[in-house]
Structures are given as C-alpha cells and as structure tokens.
Amino acid sequence: MTASPPTIRPTPSRWIRTALAAGLLAASGAPGAAHAFCGFYVSGGTANLFNDATQVVLMRDGTKTILSMQNNYQGPPTDFAMVVPVPVVLQEANVKTLPASLFAKIDTLSAPRLVEYWEQDPCQEYGDEDDGAGPGRVAPEAAGSPSTDGSDPPKVKVEAQFEVGEYQIVVLSATEATALESWLTTNKYNIPTGAAPIFSQYIQQGQYFFVAKVDPKKVTFKEGRAVLSPLRFDYTSDSFSLPVRMGMVNSSGAQDLIVYILSREGRFEVANYPNVTIPTNIEVSQDVRKDFPTFFTKLFEATLAKTPNAVVTEYAWDAATCDPCPGPTLEGDDYATLGADVLGNLEDFGGWGGGWTLTRLHARYGKTGPSEDLVFKKAPAIVGGREAYQEDDKLETGAAPSPASFDNFQGRYIMRNRWKGPVTCSNPRFGRWGGPPNESQPPPSASLSPNSSGRSSDVAAASELAPRSLASLVKEPIVELDVMPQASAKTGGSGCSFSAGAAATGSALPLAAAFLLLWRRRRR
C-alpha cells in the first residue's frame, strides 16, 4: 500500500511568521522546498560538539570535483604538514584558500535542530487553515627529486610547485612508497613513521600526492595558536571519492568526519559502507534544552551501535532554503567560493542561487581506521524531519522516499507544550501547533544562546544530561534504535512510561584530521 502524501500543518502564529520571514529564501525551480514552520527554533548541534570534527565540502558536477577542507591544526606552524592523494597533477590555478566562516555557515545550516511548539487553543478558528488539503492541512507543494644515476627515472618526481596564501605546495608522483617517505623526511616534512604502507596503496592506484607545509612568516596567530586558512582544489575524475585512510596514520583514537556534498543532481550517499539516516522527528524532554549537543551525541552513538561502520545522513535539502532556518542559507557568492566559478558558463547552471542540494554525511572511525576510502554515489531523494502529517493524522517519522523527487530531510527534535488552558467549545480541535500563547513575549527558549562549543551557558544544568540514558530524554519511541521512552527519576514524566534497553552513551574523543595527514613533531 502506498502511503498518502504528507501534509504540513500551517502556523496560526503571526509572531512565528514574522520571526522566520527574514531567514527564508525561496529556491527557484525547487518545488516544495520551503514549508510552513509552526515552532520556534531553539538551538542546533554543531561540528564543535564533536571536538573539532574534520569538515570537508565537496562540490560535484559531472566528472568535476571541487574539494574544500578545513584544517583543525593546533601547534607550531613549522610542525604542520599535509599530504592528500589526488588523481591528477594540480597546478596553481586549481588551488585557493577560503574564509573559515563559510564552513561555519554550512555547518550551522545543516546541523540537527531542536525546536519548540505550543499547542494552540483547540477552540480557536483560523480562516487560513483550509488550503485545499483538508481542515488544518497545507499541501507540501505550497509551502625537487633525489638524483639517480641517470639510467632510471626518479622514484619521486616534483610535478608542480607553487605557493597559495600561507601554504608552500608541491605535487609529487612516486613509484615507490619508501622513496616517497624518504623524500618527505629529507625535505623536512614532519611525517610520522609507518606512512609507507598507506603511500603504497595510493601509488598502486596511480595517485599523485598534494603536499603542503606552512610559511611561518605568513601565518596569522590567535591566542597564541596558528590560524590556517581552509584550502580548496579542483580536478576532473570519473571517480567521486574521498581519501580517508591517510589520516589514520597518526590516529590516537576516534575521529569524526563530516562531509558536505553540494550537487545539482540531488543528494549523495556512500557506495562502499552501510548508509543510515539519523532518527528524526522525535519528541524530547524539556530537559534537552539544557544541553542539546549531549542529547544528539547520544543519539548519534546509538545509531552507530545499531549499524556499525555506517555513514550517517544528517541532512539533505536545497541549500538555498531551510525550515526552520538556524541562520542564513547559501547564496551566489558562497557557491562561487566553493567551486561554481570553475564549472563553466553560469547560464548552463541557471545561475548560482538555487538548485544545489546540500547533503551532510557523518562518519566516525576508531583507531584502526577505515579499510577503504569513501566512494560516493547518487541516492534517491528523501524527506523527513518536517512537521508533515499523513492522512492518518500521524506525524511523519524517519526518512521516506520523496513523492516529488526533491530532498527535504533533516535531523529535527521537538519539545511540545500541550494546551493547559480552558476548553470552551463543544468540538475542540487538539493537535494544532504554533508559537507561544502570549505572542507579545518571546518564549523562554529564545534566551538560550549556545556558546562556541554549541552548549548552553548553564554548564551545571548541562552536566546533568551526561549520565542520563537516551531513553530518559525522549518522550516517544525511537523505532529505528529499539529505544522506548523511560521516565527520568528527576523529572518524573507523565502518561505511560516504558522500560528501555541500554543506549549508547559517552562523548567523542579528541580528533585528528580524518583524511589530512596532520601531526606534531615528536619531542624527545
């Protein structure tokens, strides 16, 4: 049986419409990309909650890939080195530095959201409710090499050499891994021992090596730490993949990798590892407002415990729209900075301002690392994480195939405030959600301002969530994880309570870059 298309509840709240109007951008040519949102955006989880997760942005069009990466390096500039396998010899025109603020913008746009709703007066009539989809419903559509004896070619060859920003870059080819390791050591690149076996795998694939170190004279320092610019480079290749094995050479523990993919072909997922979507549209306890990142970390870890080695899809949505909007969407200049400027005639792409799907993939690796690099493939469009209701009046849960071939999926978690006022009519209509009853005053959650770590300033309150189980923080089952809500001893809870199996807890460990070969010189 085919499920009926979901519908989106309208918001009767003038306050909510006004608050969100400035943040919503319509996507030209993207049907149904923006929906009526009837709640208040409280906070979001950012990459910071995963202890400096490595962030990579991939723009893909045809066989063209533009790869942008943020370097979370802390240490003396002279100790920085980076080695990235690339399929072609990059020239200076292929490499640029980027503003770090753009990574923060993409992270904020795609990060999981915590929202808050208030049940509206069940006796209140709203004249704009019926929009052809039935009472209280709106259809989704509306809303230098070592010398040799001369007889043999060199085992390591400098194919290109140039400077970009604070980086001194060489592109190398090699026929022998030990020779490459020796060349890097001789030329004062601070690489760890044991890199040769990883080098060998890429040499056998015919890869070149993009190698960078820093000119200390060009480095900006902040609070005594070197601040390195993100790097972008572009190349043409039939394969769409990301080399992640290299970063495990110097791994000391778990590493988080967040990959953002921008494409006009829709969303992507991995072809060589399990794929799962993050559970979404879950009602959570009011306690979650104290420390949303801790809740989401528990949810993410429970998802991986259920499907080990999976890559988790956390977001897939048109990058020019959002609902709710935690910050500005991507604009023309952002697309150009991330690589649209090398994709040819703008008219061939209908401009830069719309039609790009942003996919957010999240992977975590243990100390042993992945056995293969990430290989990406086009994936069917999905929806989920919206205030969309089926014909049986149930809120959509999880991810589902998109009925209109566009992506509208996000991690979204909901605090609901049930109606507690008087019921003064004979036929009350419950289940309509919007802004706070007193629209003249912003809701208490509006004062929550996550700091740079993504956490509430109430540290004492936040620490209370760390030992709590995932089951004690939700008010409805997480079907994908076999987690049933369990009343907290502290908060009590209302209605029926259920016992739950153990949920994964804990926090992410400090990270090294997931595919950059970054390290500190060992001190004697």
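The values are calculated or read from the model by the stated rules, or taken from the named source; none is laboratory data. The shown structure was predicted, so the numbers you read here are calculated from the model rather than taken from an experiment. Quick reminder, even Gly has a Cβ in these numbers, built from the backbone with ideal geometry, and neighbours come from all protein chains shown. Quick note on the areas: whole protein, heavy atoms, side chains included, nothing else; ligands and nucleic acids left out. Shrake-Rupley method; radii C 1.70, N 1.55, O 1.52, S 1.80 Å.
Packing, as the average of other Cβ atoms within 10 Å across residues, places the peptides 167-180, 313-326 in the order 313-326, 167-180, highest first.
Kindly report the accessible area of the stretch 213-338 per residue (heavy atoms of protein chains, probe 1.4 Å, no ligands, DNA or RNA), in Å².
On a per-residue basis, 30 Å².
At 10 °C and 1.306 mPa s, what whole-number value in µm²/s does Stokes-Einstein give for the translational diffusion of the stretch 271-395, with Rh from the Kirkwood sum over Cα pairs? Approximately 90 µm²/s, per Stokes-Einstein.
Considering only protein heavy atoms and a 1.4 Å probe, what is the carbon-and-sulfur percentage of the accessible area of the stretch 67-119? Using a 1.4 Å probe with all protein chains present, the stretch 67-119 comes out at 52 percent carbon and sulfur. Take every Cα pair under 8 Å whose residues are at least 6 apart in sequence, average their separation, divide by the length of the stretch 168-299, and the relative contact order is 21 percent.
For the stretch 239-320, the equivalent ellipsoid derived from the Cα gyration tensor has semi-axes of 25, 20, 12 Å, listed largest first. When peptides 203-210, 56-63 are ranked by their average number of other Cβ atoms within 10 Å per residue, the highest-first order is 56-63, 203-210.
Peptides 373-381, 83-91 ordered by packing proxy, namely the average of other Cβ atoms within 10 Å per residue, highest first: 83-91, 373-381.
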